[in-house]
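Have a look at the structure below before the remarks.
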């Protein structure tokens, strides 16, 4: 997904994708939704959740990997 697609993607219209998100651990799911759904920056998410930016990046990466694995299964 390109940056332009990320900025315009509405998760609520894709029920299959919403079901996949429910399979993510809660900590990754919240960050994933904030980043891709609500379009917060990594820095903003880190500040709101009181964690390091690298932690946010890791959880986004881990979430993408888990979603990719679910889609390929």
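The values are calculated or read from the model by the stated rules, or taken from the named source; none is laboratory data. Remember, it's a predicted structure, so these values are computed and weren't measured experimentally. Glycine also receives a Cβ, built like all others from the backbone with ideal geometry; neighbour counts cover every protein chain displayed.
All conditions but one from (1) modelled with pLDDT under 85; (2) in contact with a helix residue (DSSP H, G or I) (Cβ under 9 Å, 6 or more places away or on another chain) apply to residue 52; the one that does not is (1).
For (1) over 19 Å from residue 17 (Cβ atoms); (2) more than 10 Å from the chain's Cα centre (by Cα), each residue gets a yes or a no:
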{"position": "34", "(1), (2)": "no, no"}
{"position": "48", "(1), (2)": "yes, yes"}
{"position": "51", "(1), (2)": "yes, yes"}
{"position": "54", "(1), (2)": "yes, yes"}
{"position": "61", "(1), (2)": "no, no"}
{"position": "64", "(1), (2)": "no, no"}
{"position": "67", "(1), (2)": "no, no"}
{"position": "73", "(1), (2)": "no, yes"}
